Amino acid sequence: MAVGTISTSTTSAVRWRPEKRVTAAFVITGLIALLVGALLGPFQALNYGDVNLYRYLPFLKSYYQGLTLHGVLNVLVFTTFFNCGVLIYFPARELDLRPSMAWLWSSYAVMMVGLVLAGVAIVSNSSTVLYTFYPPLQGSWGFYTGLALVVVGSLMVAFEVVRLRARWRRAHPRQVTPIVTYMSVATMLMWALASLGIVVEVVVFLIPWSAGWITGVDPELARTLFWFTGHPIVYFWLLPAYISWYAFIPKQVGGELVSDTLARLAFLMFMLFSTPVGFHHQFTDPGISGGWKLVQNILTFFVVIPSLLTAFTVTASMEIGARRNGGRGMLGWIRKLPWHDGGFVAQILAMISFVFGGAGGIVLASFNLNVLVHNTAFIPGHFHITVGTAVTLTFFGMTFWLIPHLTGRALHAPRLALWSAWTWFVGMMLFAVGMHWEGLLGVPRRAWISNMSPALQGIYSDARVPQVITAVSGVILLLAVIFYFTVFFGTLFSSRRIEEDSVAIPFPGREAAHGDPMVRALDRFGLWFLLAAAIVAVAYLPTLIHMFTGQLGLPGIRLW
Ligand code: HAS
Ligand code: CU
């Protein structure tokens, strides 16, 4: 650029550089964690294809250690870091307010210390307890402390998101919160409430227990606290993807968000109903009465509603864009969507995977069907097309504009980006077919089935066909990982500079309906948060009080 011609975009780019740096740190750390975790994925898939390649991984003692690393890095570390980066950055830009940089870097540092502690604990094989770390399996104190620090760091970011909105609110008392900020605040408030379970589990029980300060932990209480957070955490992963589907996709396809109010309502419903449903992971657990399981079962169906709303709203937004581009016919408009653009394709394929992931979730939420497949390969089948595709592939799609936007470097190899989206989608869909099918045939989840004792050889021989499908999916997914990370690193280290902010955030660019009484009512976060807490208290307190007062502490065991 010629000297003296400072355009507004350059000024703004310079102004936002500190925010971009910290966001890039969160997002890039998350994606590198994903890379390590995802490289182990093909080994897990091949295990379910009855091929044992673990013996070629000398740094891992067992399939279970690999699975722990895979699960923790992919669903706890990748998602949390990525979310913290985007959930503070988007509101900051939308509200045009600078968050506290010192606070954000401190949050990042806390999370990094946590990541290192937990990472060392897993790699040293002291904590092969899988990502659910159910007692009485006992990991090292570093593992639990590390995970606790990751959560604490994320809550620090949540605090800053809420504070940012409060600052904006003071300056604009008569306006309602702009939509992306609304969604980010709702997500973070939901997470703050939801994380209570895991914080109590880890801080009050698991850290003291693993450090030898207390001798026993009640497994049932620990599981219940775990699932208190373990269900809503899936929406903490999902909602940033929903932000992109609602707020950014319309702009990317030339359409518009059909209903701002409906979008807000969906997020509010997530805030209200995400948490009081954890018992649907414990249908077969003793110690929880059938009545309370039923209550949470019904509430699970409440939390399906906002996703059904999303399916409708997002499809309609895209249809508007496609018809503006000349799309005709009942379904013919679909061809007019930007199928050449990797950033869009990744996200629409993510949505399609979620149609099946969501349907599987509804099956799982049904008490009597759940019993058929609980603890079988069906479950990983389900979550690889929810968090593994609906969320992860959406994040991939977002990075195709976000990384250039943050780093000022052009997207490397856009065609390969498109390929990475398709291969990830095909690989994950095949993986899901294989795993759901194996589950229906009774193959257990989390089992080293490719390394069974001679006495057990052949007991899953009726699952040969789905096993082959699962094995093939692992190889396709390895290709997808190579493709995606070639694009990712190619972009990070690209010498092709673009003007920062020339890739803009695709904000919807529509004024919120400040006068609409419904939108104003939805904006009353304090009130809704209290209501959410009250529903959680009703759904959980009777069972938790019962469990707290009748604890049966068990000493830790190591099975590895
Ligand atoms: Fe789940 C287990 C029930 C959603 C993740 N779930 C898991 C586990 C994970 C997970 C990780 O009730 C395993 C935990 C473990 O290790 O034990 N799940 C549900 C239900 C939903 C659900 C009812 N799950 C998710 C999401 C996840 C996730 C989201 C991650 C991000 N899940 C369960 C149950 C279990 C479970 C039981 C325990 C099983 C057991 O026995 O252990 C619902 O939220 C799903 C609602 C979703 C929909 C889909 C809407 C579709 C949309 C896409 C629209 C498409 C478009 C494309 C627009 C109703 C929004 C249009 C296309 C064009 C071409 C135009
Ligand atoms: Cu759940």
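Just so it is clear, none of the values below were taken in a lab; they were calculated from the coordinates. These numbers come from a predicted model, not from an experiment. Every residue, glycine as well, gets a Cβ built from its backbone with ideal geometry; the counts of neighbours run over all protein chains shown.
For the range 11-99, what log10 I(q)/I(0) values come out of the Debye formula at q = 0.11, 0.17, 0.21, 0.24 1/Å, with one point per alpha carbon and no solvent? Debye intensities relative to I(0), on a log10 scale: -0.45, -0.72, -0.91, -1.07. Residues His374, His412, His231, His340 in ascending order of nearby Cβ atoms (within 10 Å, fewest first): His340, His374, His412, His231.
For the chain, the longest principal axis of the C-alpha atoms and the axis of helix 219-230 are separated by about 20°.
As a proxy for reagent exposure, ranking Leu31, Leu308 by other Cβ atoms within 10 Å from fewest up yields Leu308, Leu31. Close amide H partners of Val217, meaning residues 5 or more places away or on another chain with modelled amide H under 5 Å apart, are Leu554. Aspartates and glutamates within cross-link reach of Lys251: Cα-Cα under 18 Å, excluding same-chain residues under 8 positions apart? Once the sequence-local aspartates and glutamates are set aside, what remains near Lys251 is Glu94, Asp260, Glu319, Asp341, Asp501, Glu511. The range 390-460 and the range 233-312 have Cα centres lying 23 Å from one another. Each residue of the range 103-114 is assigned a 3J(HN,Hα), and the resulting list reads 5, 5, 5, 5, 4, 4, 5, 4, 5, 5, 4, x Hz, derived from the Karplus form 6.51 cos²θ - 1.76 cosθ + 1.60 (θ = phi - 60°), x at Gly and Pro.
In plain terms, the residue of Asp285, Asp341 with the fewest other Cβ atoms within 10 Å comes first and the most crowded comes last, giving Asp285, Asp341.
Less than 5 angstrom separates the built amide H of Arg409 from those of Ile498, all sequence-distant by 5 or more or on a different chain. In this structure the amide hydrogen of Thr376, modeled in the peptide plane, comes within under 5 Å of the amide hydrogens of Arg445, none closer than 5 places in sequence on its chain. Counting only the Cα atoms, the range 168-248 fills a convex hull of 114 Å³ per residue. Convex hull volume of the Cα atoms of the range 84-143, normalised per residue: 95 Å³. Across the range 296-353, Cα-Cα pairs farther apart than 20 Å form 36% of the total. Using a Förster distance of 41 angstrom, determine the FRET efficiency expected from the C-beta separation of Phe367 and Trp560, and round it to 0.05. About 0.80, to the nearest 0.05. A Cβ-based charge dipole, computed about the Cα centre of the chain with Lys and Arg at +1 and Asp and Glu at -1, lands at about 1000 debye.
Over the range 413-516, the pair-distance histogram of Cα-Cα distances with 5 Å bins from zero comes to 2, 10, 13, 13, 11, 10, 9, 8, 8, 7, 4, 3, 1, 0, 0 percent, rounded to whole numbers. Set the Cα radius of gyration of the chain against 2.2 N^0.38 Å, with N its number of residues, and you get 0.95.
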